[in-house]
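Asker: Below is the structure I would like to discuss, written out as structure tokens.
The values are calculated or read from the model by the stated rules, or taken from the named source; none is laboratory data. Since the structure is predicted, the reported quantities are computational estimates derived from the model, not experimental observations. Cβ coordinates were reconstructed from backbone atoms using ideal geometry, including for glycine residues, and neighbour counts include every protein chain displayed.
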Amino acid sequence: MDPSPHRARPSAASWEAFRRAMPIARRWAYFDHAAVSPLPEPARAALVQWADEAASMGDTAWPKWRDQVEQLRLQMARMIGAEPAEIALTRSTSEGIGFVAEGYPWRAGDNCVTLADEFPSNQYPWLHLADRGVQTRRVPTQGGRVDLDRLAAACDGRTRIVTISWVSYSSGWRNDLDRVAEIAHGCGALLCVDAIQALGVFPLDVGRTPIDFLAADGHKWLLGPEGAGIFFVRREHLDRLRPLGVGWNSVTGAHDFDRIELVFKDSAARYEGGSQNMAGMTALSASLGLLARFGPEALAERIGRITDLACERLARTGAAIVSDRRPAHRSGIVAFEIPDGDPQALRKRCLERGVVLSCRSGRLRISPHGYNNADDIDRLIEALG
């Protein structure tokens, strides 16, 4: 949730300042934030400062780093309207999903429901439950478009978890999380969301949208480094999941190493079992500070305009836009096809011309951020030929 929902609309100068804060823009037209984001200058500076402190100060700087980690927890909580106690800081989306898949008290005959074209991180943890008698029901999509009635039909009285991506990594389809939560809770199941392809650039308030669990890493739209992410667990479910990766940092007496007493922290921090990626989390915190100048609503609107422009220009060249661009479902991801064009060859040609994009599911995929502009679109069209 944007902590300042009534902020002034960002000016053209603000977006240009954002662009200047992205060193990548000096060389590349970068359209690959759905893969791995480049670091903004504040995050780069935070990493360099951390390295300097680690080299010159050793663990005397540790209390400062710990405070920076807690600052990140507060930032993440504000972003989605959660309590800080509902936020665990993790190493990846996969780790957060694993906390649910492996920690839930399954019984033989239970099932979970997901989509057949989910990213592997939201499929393998559930398929891995087969030897415990848990069925994973993978609901097909149609060209990346999700039929929620079909999702609902796959649920029954033994469905315990419905797990779905907020935005599809391959098609860019953005799901209505309120409707998916209604489907899950309607059959007595809980909702787990892979939020990595929308978190930070689309608004979300878990106080209004009753998600039960959410996982995301920070290295895509949040502009952070890999290995620093978020796991949200609604407070009422904290004791429902068996903690995994338990270590010294999981318990209330985390810093009393001479007292061995297995009393878990009364917060999601119980999942942070050992030493943390303080360098990555410090950098991610700096990136969130940059994004907070705009807020998710403004970023979503800006990214919508940039992707609309890209779709318009691509269509003029004869490209077929695969992604659904209706306002309810559009995202920062645009998948498209060039008639008679080989996606891998086209991607290689774009890289040679300073344009970065991806191939997914046999198509080209662009994923611009708020600092991208019309000049970048011009370079994309020229590189595609």
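Asker: Yes or no: the range 126-142 includes at least one residue that is surrounded by 22 or more Cβ atoms within 10 Å (Cβ to Cβ) and closer than 22 Å to Gly362 by Cα.
Answerer: no
Asker: A further question follows. How many residues does the range 253-266 contain that are out of contact with any helix residue (DSSP H, G or I) (no Cβ under 9 Å at 6 or more places or on another chain) and not basic (Lys, Arg)?
Answerer: 6
Asker: Further question on the same structure: Gln142: out of contact with any Asp or Glu (no Cβ under 9 Å at 6 or more places or on another chain), modelled with pLDDT of 95 or more, more than 19 Å from Arg242 (Cβ to Cβ) and among the polar types (S, T, N, Q), yes or no?
Answerer: no
Asker: Got a sec? Which of Leu288, Leu284, Leu244 is touching a helix residue (DSSP H, G or I) at 6+ places or on another chain (Cβ under 7 Å), in contact (Cβ under 8 Å) with a residue 60 or more places away in the chain and surrounded by fewer than 19 Cβ atoms within 10 Å (Cβ to Cβ)?
Answerer: Of Leu288, Leu284, Leu244, the one residue that is touching a helix residue (DSSP H, G or I) at 6+ places or on another chain (Cβ under 7 Å), in contact (Cβ under 8 Å) with a residue 60 or more places away in the chain and surrounded by fewer than 19 Cβ atoms within 10 Å (Cβ to Cβ) is Leu244.
Asker: Does Glu95 meet the test of being among the acidic types (Asp, Glu), crowded, with 16+ Cβ neighbours inside 10 Å and either touching a Lys or Arg at 6+ places or on another chain (Cβ under 8 Å) or without any contact (Cβ under 8 Å) to a residue 60 or more places away in the chain (or both)?
Answerer: no
Asker: Would you call Ala43 assigned to a helix (DSSP H, G or I), within 30 Å of Asp131 (Cα to Cα), more than 16 Å from the chain's Cα centre (by Cα) and at pLDDT 95 or above?
Answerer: no
Asker: Of Ala54, Ala13, which residue is over 30 Å from Val334 (Cα atoms) and either aliphatic (A, V, I, L, M) or in contact with a strand residue (DSSP E or B) (Cβ under 9 Å, 6 or more places away or on another chain) (or both)?
Answerer: Every option except Ala54 fails the conditions.
Asker: Please determine, by comparing only the residues of the range 79-129 that are in a helix (DSSP H, G or I) and of a type in the set (Val, Ile, Thr), which one is farthest from Gly224 (Cα to Cα).
Answerer: Once the filter is applied, the top-ranked residue is Val100.
Asker: Oh, and also: Among Leu314, Leu364, which is part of a helix (DSSP H, G or I) and under 26 Å from Gly200 (Cβ atoms)?
Answerer: Leu314
Asker: For Ala328, state whether it is within 15 Å of Ser171 (Cβ to Cβ), touching a residue at least 60 places away in the same chain (Cβ under 8 Å) and not β-branched (Val, Ile, Thr).
Answerer: Spelling it out, Ala328 is indeed within 15 Å of Ser171 (Cβ to Cβ), touching a residue at least 60 places away in the same chain (Cβ under 8 Å) and not β-branched (Val, Ile, Thr).
Asker: Take the residues of the range 136-147 that are in a loop (DSSP other than H, G, I, E, B) and free of Cβ contacts under 8 Å to residues at least 40 places away in the same chain: which is nearest to Arg107 (Cα to Cα)?
Answerer: Of everything passing the filter in the range 136-147, Pro140 is nearest to Arg107 (Cα to Cα).
Asker: Right, something else. Could you list all residues from the range 182-203 that are under 17 Å from the mean Cα position of the chain (by Cα) and over 24 Å from Arg270 (Cα atoms)?
Answerer: Gln197, Ala198, Gly200, Val201, Phe202, Pro203
Asker: Find all pairs meeting these conditions: Cβ atoms under 8 angstrom apart; at least six residues apart or on different chains; first residue within the range 201-213 and within 30 Å of Asn372 (Cβ to Cβ); second residue assigned to a loop (DSSP other than H, G, I, E, B) and among the hydroxyl-bearing types (Ser, Thr, Tyr).
Answerer: That search, which allows pairs on different chains as well, returns Phe202/Ser331.
Asker: Would it be correct to say that Ala269 is at pLDDT 95 or above, of a type outside the set (Val, Ile, Thr) and touching a helix residue (DSSP H, G or I) at 6+ places or on another chain (Cβ under 7 Å)?
Answerer: No.
Asker: Now, a different point. Where residues in the range 9-35 are exposed (fewer than 14 other Cβ atoms within 10 Å of the Cβ) and part of a loop (DSSP other than H, G, I, E, B), which of them is modelled with the lowest pLDDT?
Answerer: Checked the range 9-35; the qualifying residue modelled with the lowest pLDDT is Arg9.
Asker: Would you check which residues across the range 20-32 are closer than 16 Å to Leu380 by Cβ and touching a residue at least 60 places away in the same chain (Cβ under 8 Å) and list them?
Answerer: Hits for the range 20-32 are Ala25, Arg27, Trp28, Ala29, Tyr30, Phe31, Asp32.
Asker: Give the residues of the range 148-169 that are of a type in the set (Gly, Ala, Ser), surrounded by 24 or more Cβ atoms within 10 Å (Cβ to Cβ) and not in a strand (DSSP E or B), sorted by residue number.
Answerer: Ser168, the sole residue that qualifies.
Asker: Just to be sure, is Arg330 touching a strand residue (DSSP E or B) at 6+ places or on another chain (Cβ under 8 Å), part of a loop (DSSP other than H, G, I, E, B), modelled with pLDDT of 95 or more and surrounded by fewer than 22 Cβ atoms within 10 Å (Cβ to Cβ)?
Answerer: For Arg330, the condition - touching a strand residue (DSSP E or B) at 6+ places or on another chain (Cβ under 8 Å), part of a loop (DSSP other than H, G, I, E, B), modelled with pLDDT of 95 or more and surrounded by fewer than 22 Cβ atoms within 10 Å (Cβ to Cβ) - is met.
Asker: Something else now. Just one of Ala77, Ala35, Ala116 is touching a strand residue (DSSP E or B) at 6+ places or on another chain (Cβ under 7 Å) and without any contact (Cβ under 8 Å) to a residue 24 or more places away in the chain; which is it?
Answerer: Testing whether each residue is touching a strand residue (DSSP E or B) at 6+ places or on another chain (Cβ under 7 Å) and without any contact (Cβ under 8 Å) to a residue 24 or more places away in the chain leaves just Ala77.
Asker: Can you find a residue that is assigned to a loop (DSSP other than H, G, I, E, B), on the phi < 0 side of the Ramachandran plot, free of Cβ contacts under 8 Å to residues at least 60 places away in the same chain and buried (at least 21 other Cβ atoms within 10 Å of the Cβ) anywhere in the range 180-191?
Answerer: No - not one qualifying residue is present in the range 180-191.
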